[in-house]
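These notes concern the structure reproduced below.
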Amino acid sequence: MTCKRILQRLILLFSLLAVLLACVPVPQAAQKPLPVLIDRAEPLIAERRYSEAVAELEEAARVYAGASQPLVKIGQIYLAQHRWLLAEDAFNRALARGPDQPAAMAGLAEALFRQQRLHEALVLWQNAAESQPQLPGVFTGVGRTYLWLFDFEAAWEAFARQQTHRFDPEAAWFLAALEAPLDLEAAQQALAAISAKSTEADDSLLAQRDYLLATLTPFSKTSPPGEIARATGIALAQLDLWPLAAHALMIARDQGATDAETLAFLGHVLAQAGRPALDLFEQAGRADPESVLPLYFEGLYLRQQGALQVAEDRFTQALALDPDNAAIYVELARTKVQQGDIGTAELLFESAVEVSDGDRQFQRLLSLFYADRGYRLEEAGIPAAEALIEADEENALAYELLGRMQFLAGKPDGGEASLRQALVLDPSLVGARYYLARLLEAQGQPTSALAQYRQVVDWDVSGEFRERAFQDLQRLQGQ
């Protein structure tokens, strides 16, 4: 046999071996159980590294293509971040993998509720409650939705039903707020239930409990119901709890409280809840033509509706009645800002500080005015923030405003020091973190800037800086 024939046979043999080897199954790496993949996200969630947690859970959802648990967890993360559309998408994806999932239904209901899609949310809450009545807070969700639909009786029944299945301090709070204008003793009992189980309530709920308790303390069983209802409604309005405040104030009005203050507050809370209010402002004005509140609240309402010139007129009338009211100067200044009259707005903010005798709240608003517009930073804005810090060296927001303005004014060294001090005082101050990221990027430190932008995206529940930070993050990552 010649060498050529031997070589040909060897080539043929190697070809056959290659085909056989290709047919032999390659051992796959062991697939990790789903709970293990989900657990990877837990420490990230605890550290509020939400974007990384979502990435881990999306991978788990990809590996286990029929499992809904990772998608439910993603939806819950987006709810915590107040990213309602992304939460809606995640819960819908979970339900597409299995429609009978109470946790996913409840999560989707919450996402829709936050978007004021109330009727859709109510159906989902009710389905979740029927499917799993022991699900934490499910009847509370039903009740909250009924509140915004102004069906107060149905809301009360839902909150009460929640407590028969599983105690929820939030439901107890809502019961107390609904009971206070009608039954003082029942309200106090509901608030006492929160106190007895305070470990189950978060800090904000405990603060609301204490505030309502303080509001009700001056009253007794013999107090006129209308007075209790009126005080309760005004107190709830101060907490921006619009449907609850409207419920109490409507009861006060029905009990005979038709004074200007009650009617003005009722108009205000109805307007904030998206309901007609102009008639009430007019009634309040007729009840007491010398009262500032009807004009003040009507001005707010008209500005929200875009009627800027009429709103300005109402605030001007209010100032004529109460020329030392700093809050009216502020609202008139904000109206001027929307009209594009920045110079007059500045004078009005300064007047608010002056008539308030330098109250820090109004000093902060003046500094914020300069910082938000990048307006007269060196000659007015930076000195205003420095004065605020001089009055309160622990004021994190003042350091943020100072750092932001120093950065915008071309003073990066001072800006970085101020912004970092703001974060020392309050690490969750996303505005300071966002402007620090911009400053670091401008100084040629993209890696450090990326880390700050990520935290803004993860932590900004207000949405004020998140979208800008996300765009900056995408831009830097694409470079």
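Closer than 30 Å to residue 54 by Cβ, of a type in the set (Asp, Glu) and not assigned by TED's automatic domain parsing to the domain that holds residue 344: does that describe residue 400?
Yes: the conditions hold for residue 400.
Hey, any hits in the stretch 421-436 for a residue that's in contact with a Pro (Cβ under 7 Å, 6 or more places away or on another chain) and not assigned by TED's automatic domain parsing to the domain that holds residue 84?
Within the stretch 421-436, not a single residue is in contact with a Pro (Cβ under 7 Å, 6 or more places away or on another chain) and not assigned by TED's automatic domain parsing to the domain that holds residue 84.
If you go through the stretch 146-153 one residue at a time, do you hit one that is at pLDDT below 95 and over 23 Å from the mean Cα position of the chain (by Cα)?
no
Looking at 62, 48, 93, 97, which is the one that is surrounded by fewer than 20 Cβ atoms within 10 Å (Cβ to Cβ), over 23 Å from residue 172 (Cα atoms) and touching a Leu at 6+ places or on another chain (Cβ under 6 Å)? Walk me through how you get there before you give the answer.
On the way: 62 fails: touching a Leu at 6+ places or on another chain (Cβ under 6 Å); 48 fails: touching a Leu at 6+ places or on another chain (Cβ under 6 Å); 97 fails: touching a Leu at 6+ places or on another chain (Cβ under 6 Å).
When all the criteria are applied, what remains is 93.
Evaluate the stretch 134-152: report whether one residue or more is in the same structural domain as residue 68 (by TED's automatic domain parsing), closer than 22 Å to residue 274 by Cα and touching a residue at least 24 places away in the same chain (Cβ under 8 Å).
No, the conditions are met nowhere in the stretch 134-152.
So which of 232, 262 ends up being among the polar types (S, T, N, Q), within 29 Å of residue 281 (Cβ to Cβ) and touching a Pro at 6+ places or on another chain (Cβ under 9 Å)?
That would be 232, the only listed residue that is among the polar types (S, T, N, Q), within 29 Å of residue 281 (Cβ to Cβ) and touching a Pro at 6+ places or on another chain (Cβ under 9 Å).
Can you tell me which residue within the stretch 216-237, out of those that are in contact (Cβ under 8 Å) with a residue 24 or more places away in the chain and of a type in the set (S, T, N, Q), is surrounded by the fewest Cβ atoms within 10 Å (Cβ to Cβ)? Steps first, please.
Pass one, the stretch 216-237, residues in contact (Cβ under 8 Å) with a residue 24 or more places away in the chain: 216, 219-221, 223-230, 232-237.
Then drop every residue that is not of a type in the set (S, T, N, Q), which leaves 220, 223, 232.
Details: 220: 10, 223: 13, 232: 30.
For the stretch 216-237, the residue satisfying everything is 220.
Go through the stretch 256-270 and give me each residue that's part of a loop (DSSP other than H, G, I, E, B) and among the β-branched types (Val, Ile, Thr).
258
Looking only at the stretch 271-291, how many residues end up being part of a helix (DSSP H, G or I) and among the charged types (D, E, K, R)?
3
Taking the condition of being outside any helix (DSSP H, G or I), farther than 16 Å from residue 371 by Cβ and not acidic (Asp, Glu), how many residues in the stretch 398-440 meet it? Quick ask: steps written out before the conclusion?
Start the filter on the stretch 398-440 by keeping residues that are outside any helix (DSSP H, G or I), which leaves 409-411, 426-429.
Cutting the leftovers down to farther than 16 Å from residue 371 by Cβ gives us 426-428.
Right, trim to not acidic (Asp, Glu) and you get 427-428.
So the answer is 2.
What about residue 158, is it without any contact (Cβ under 8 Å) to a residue 40 or more places away in the chain and either under 20 Å from residue 108 (Cβ atoms) or among the charged types (D, E, K, R) (or both)?
yes
Please verify whether residue 394 is assigned to a helix (DSSP H, G or I), at pLDDT 95 or above, within 19 Å of residue 363 (Cβ to Cβ) and acidic (Asp, Glu), treating the condition exactly as stated.
no
For the stretch 222-238, name all the residues that are closer than 19 Å to residue 155 by Cα and either among the aromatic types (Phe, Trp, Tyr) or within 27 Å of the chain's Cα centre (by Cα) (or both).
232, 233, 236, 237
Tell me the residue from 210, 168 that is within 23 Å of the chain's Cα centre (by Cα) and either closer than 22 Å to residue 128 by Cβ or among the basic types (Lys, Arg) (or both), please.
Within the list 210, 168, the selection yields 168.
Which one of these does residue 360 not meet: (1) among the charged types (D, E, K, R); (2) touching a helix residue (DSSP H, G or I) at 6+ places or on another chain (Cβ under 8 Å); (3) modelled with pLDDT of 95 or more?
Unmet condition: (3).
Among the listed residues 178, 122, which satisfies the condition of being aliphatic (A, V, I, L, M), touching a residue at least 60 places away in the same chain (Cβ under 8 Å) and surrounded by 16 or more Cβ atoms within 10 Å (Cβ to Cβ)?
178
Could you list all residues from the stretch 385-430 that are under 25 Å from the mean Cα position of the chain (by Cα), basic (Lys, Arg) and surrounded by fewer than 24 Cβ atoms within 10 Å (Cβ to Cβ)?
The one that is under 25 Å from the mean Cα position of the chain (by Cα), basic (Lys, Arg) and surrounded by fewer than 24 Cβ atoms within 10 Å (Cβ to Cβ): 420.
Taking into account only those residues within the stretch 441-479 that are aromatic (Phe, Trp, Tyr) and in a helix (DSSP H, G or I), which is surrounded by the most Cβ atoms within 10 Å (Cβ to Cβ)?
The selected residue is 453.
Looking only at the stretch 129-145, which residues are crowded, with 18+ Cβ neighbours inside 10 Å and over 24 Å from the mean Cα position of the chain (by Cα)?
Hit for the stretch 129-145 is 129, nothing else.
The values are calculated or read from the model by the stated rules, or taken from the named source; none is laboratory data. None of the values given here were measured: they were computed from a predicted structure. Because the Cβ atoms are built from the backbone with ideal geometry, glycine has one as well, and the counts that use them run over all protein chains shown.
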